[in-house]
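Student: Input: one structure, supplied below.
The values are calculated or read from the model by the stated rules, or taken from the named source; none is laboratory data. Computed from a predicted structure; not experimentally measured. Please note: Cβ atoms are built from the backbone with ideal geometry, for glycine as well, and neighbour counts cover all protein chains shown. The protein model used for the area step is the full one, side chains on, heavy atoms only, and it has no ligands, DNA or RNA in it. Shrake-Rupley method; radii C 1.70, N 1.55, O 1.52, S 1.80 Å.
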Amino acid sequence: MHYSPARRGHPAPAGGTWRNWAGTATATPARWAKPRTEAEISAAVNGAAATGLRVRAPGSGHSFTPAAVTDGLALDLSGWTGIVAADTRTGVVTVRSGTTLRALNTALDGLGLAMANLGDIDAQTVAGALSTGTHGTGARLGGLATQAEAFGLVLADGSPVTCSAAERPDLFAAARVGLGALGVISTVTLRCVPAFTLVADERPEPVEEVIERFDTLAAQNDHFEFYWFPYGRNALVKRNNRQPAGETAAARGARPMPGWRRFWEFEVMENAGFGALCRLGRAAPRFIPSLNRFSSAALSSRSYTDTSHRVFVTPRRVRFVESEYAVPRESLADVLAELRRAVPRLADPVMFPVEVRVAAADDIWLSTAYGRDTAYVAIHQYTGLPYQAYFDAFESIAGEVAGRPHWGKMHSLDAGRLRALYPRFDDFRRVRAEVDPEARFGNAYLDRVLG
Ligand SMILES: Cc1cc2nc3c(=O)[nH]c(=O)nc-3n(C[C@H](O)[C@H](O)[C@H](O)COP(=O)(O)OP(=O)(O)OC[C@H]3O[C@@H](n4cnc5c(N)ncnc54)[C@H](O)[C@@H]3O)c2cc1C
């Protein structure tokens, strides 16, 4: 999906109101700037400091939380894009921070490289995706931030710095999932992998059996996940496995879904068709459980092979709100059992499926997978339908097992509760106080989650 400045979820023209993709956050910044060089980013930060304005750089506005909101200076980095340097031998690629994942994936294709793992969509900017801990799925893989090797940052005093494991290691440890709190990310250096194809296998299976075999399924597949409609019996199980590396998708034996079938499956069935069911459910909520069971029963199998990002990423045109918690892998079955008990007791029925994914433990200070193998449980509701009681119930279920909320998805936790969940929370705050003592890059969301 291409975003022009006038469209929702991307910087508005100077003076305009900014709105995120889900419509859950709006902002009317005092000023907009559209820097096209690192020097212009520095000048904009210095200019804001001189007039006492706080600064945020919204990405593509795909966070459900007001992470990107500012009433100060908003930096539109949509003119600061593209690859700066690439070493096809090592896979190390430096990219400007406003580049979308979609543009990055296309550029990497041309270099015979790819991101090792990706989430469900590619509309996010590289910096925005990393800043909130965006992840895909894979029991042996981490989120996008685990693929970051270095950052170029413009700090609160306007100075450009670089950081990596070897250079300013604490700043790097904090910036890998930095919430936009440390400075403006100007460049991201990523360790990419040789381009690869994925064999995708998607099929409905009874949800009880999937939960029972979860550990085996996660271990047996490179990228394993499932969706489950809360009133249905079936889960849609996705097993994506890697083919050995080769030069081109064709040489690697890709059997992509034909164009007409891709259009039918993704645009008609998953977007237009599902969107129509959602609108019906919103107009007549008492039918939602039946519509949900219908969606569950209508799940179909498909199998295809394609370039990795064409398998990871699917179009999401039906708008929704979302909350996601990272829970210890061993707690997943209990969390899902509680959730399955809670949903039928809700006064307002749930239209959208629950998504379950996995990630390996990592060592990134504010990563939701810090120090533990993780299962991600994401709940959604169709836009315009009541969701608060559902999200509250889920939050308290996840809270019982020390669940950590995705920084970009809806939750109500504050610094007091988050500190107990992140062993390096105070280290993050220390680094922030060192590089941004006046909280130039603060906003109301950071005031809540960082204190
Ligand atoms: C339809 C949909 C599907 C999604 N799928 C997934 C998924 O599969 N996995 C997952 O983990 N998440 C997913 N998300 C969440 C999404 O990946 C994150 O919220 C991500 O942060 C959005 O990136 P963005 O570019 O839109 O950034 P924004 O939401 O605009 O901003 C996020 C944060 O990054 C900061 N930021 C952006 N650019 C810079 C910069 N240059 N310097 C400093 N700070 C910066 C912003 O200030 C803000 O704090 C999804 C969201 C939607 C709407």
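Student: Residues with beta-carbon under 15 Å from that of G72, excluding G72: net charge, scoring Lys, Arg +1 and Asp, Glu -1?
Tutor: Spelling it out: positives minus negatives among the neighbours equals -1.
Student: Right, next: Long-range amide H contacts for G138: which residues qualify at under 5 Å (H placed 1.01 Å from N, peptide plane, sequence gap of 5 or more or a different chain)?
Tutor: When sequence neighbours closer than 5 places are left aside, the close amide H contacts are F224, V358, A359.
Student: First select every other residue whose beta carbon is under 15 angstrom from the beta carbon of F294; then total the charges, Lys and Arg +1, Asp and Glu -1.
Tutor: Result for the local shell: +3.
Student: OK, next. Mind ordering 160-171, 37-48 by average Cβ neighbours within 10 Å, highest first?
Tutor: Output ranking for 160-171, 37-48: 37-48, 160-171.
Student: Right, here's the next one. Looking at the chain, do any whole DSSP H helices span at least 27 angstrom along their long axis by alpha carbon and average -1.0 or above on Kyte-Doolittle, and which?
Tutor: none
Student: What's the FRET efficiency of D71 with V193 using the Cβ-Cβ distance as r and R₀ = 41 Å, to the nearest 0.05? Display every interim value, and only then the final one.
Tutor: On the way: r = 41 Å, r/R0 = 1.00.
It comes out at approximately 0.50.
Student: With all protein chains present, calculate the accessible area of M257 using a 1.4 Å probe and round the result to the nearest 10 Å².
Tutor: Its heavy atoms expose roughly 10 Å² to the probe.
Student: Full-extension gain between D392 and T314, please, as 0.36 nm times their residue separation minus the C-alpha to C-alpha distance.
Tutor: Numbers: separation 78, 0.36 × 78 = 28.08 nm, distance 2.83 nm.
Result: 25.2 nm gained on full extension.
Student: Moving to a separate point now. How far is the Cα center of the stretch 278-311 from the Cα center of the stretch 50-66, in Å?
Tutor: 34
Student: Antiparallel versus total DSSP beta bridges in the chain: what percent is that, nearest 5?
Tutor: 90
Student: In the P(r) worked out for the chain, what percent of Cα pairs fall beyond 29 Å?
Tutor: In whole percent, the long-distance tail amounts to 46.
Student: Whole Å is fine, so just give me how far the alpha carbon centre of the stretch 330-397 lies from that of the stretch 149-174.
Tutor: Each part's Cα centre sits 33 Å from the other's.
Student: Would you compute, for the Cα atoms of the stretch 283-401, the largest minus smallest coordinate along each principal axis and list the three values in descending order, in whole Å?
Tutor: Between the extreme Cα coordinates on each principal axis of the stretch 283-401 lie 47, 40, 23 Å.
Student: Follow-up question, since we're still on this one. Could you pull the accessible area for E395 with a 1.4 Å probe, rounded to 10 Å²?
Tutor: The accessible area of E395 comes to roughly 20 Å².
Student: Tell me, Kirkwood radius of the stretch 328-451 from alpha-carbon pair distances, in Å?
Tutor: Hydrodynamic radius (Kirkwood, Cα only) of the stretch 328-451 equals 15.9 Å.
Student: So for the pair F287, R419, with labels modelled 7 Å out along Cα→Cβ, what separation do we get in nm?
Tutor: 5.1
Student: Continuing with the same structure: What are the radius of gyration and Dmax of the stretch 317-384, computed over its Cα atoms and given in Å?
Tutor: Over the stretch 317-384's Cα set, Rg and Dmax evaluate to 13.7, 40 Å.
Student: Step through the residues of the stretch 205-222 one at a time and calculate ³J(HN,Hα) from phi using the Karplus curve (6.51 cos²θ - 1.76 cosθ + 1.60, θ = phi - 60°), rounding each to whole Hz and writing x for Gly and Pro.
Tutor: 9, x, 4, 4, 5, 5, 5, 4, 9, 3, 4, 5, 4, 5, 6, 7, 10, 4
Student: Still on this structure: Around D222, what is the net charge, scoring Lys/Arg as +1 and Asp/Glu as -1 over all other residues with Cβ under 13 Å from its Cβ?
Tutor: Result for the local shell: +3.
Student: Ignoring any ligand, DNA or RNA, what whole percent of the accessible area of the chain comes from carbon and sulfur when the probe is 1.4 angstrom?
Tutor: Ligands and nucleic acids excluded, carbon and sulfur reach 53 percent.
Student: Okay, moving on. Rounding to the nearest 20 debye, state how big the charge dipole of the stretch 107-230 is about its Cα centre with +1 on each Lys and Arg Cβ and -1 on each Asp and Glu Cβ.
Tutor: Around 540 debye, computed over the stretch 107-230.
Student: Just to check, using Stokes-Einstein with a Kirkwood Rh over alpha carbon pairs, what's the diffusion coefficient of the stretch 127-171 at 25 °C and 0.890 mPa s in µm²/s?
Tutor: Using the Kirkwood radius from Cα pairs, D works out to 204 µm²/s.
Student: Quote the FRET efficiency, to the nearest 0.05, computed for D157 versus R340 with a Förster distance R0 of 56 Å and r equal to the Cβ-Cβ distance. Let's see the in-between values first.
Tutor: Details: r = 52 Å, r/R0 = 0.92.
Efficiency computed from Cβ-Cβ geometry: 0.60.
Student: While we're on this one: Would you calculate a helix-derived [θ] at 222 nm for the chain, using -39,500 (n - 2.57) for each DSSP H run of n ≥ 4 and dividing by the full residue count, to the nearest 500?
Tutor: Values: 15 runs with 127 residues, N = 451.
Mean residue ellipticity at 222 nm (helix-derived): -7500 deg cm²/dmol.
Student: Starting with the highest mean, order 298-305, 187-194 by the number of other Cβ atoms within 10 Å, averaged over the residues of each peptide.
Tutor: Averaged packing, sorted descending, gives the order 187-194, 298-305.
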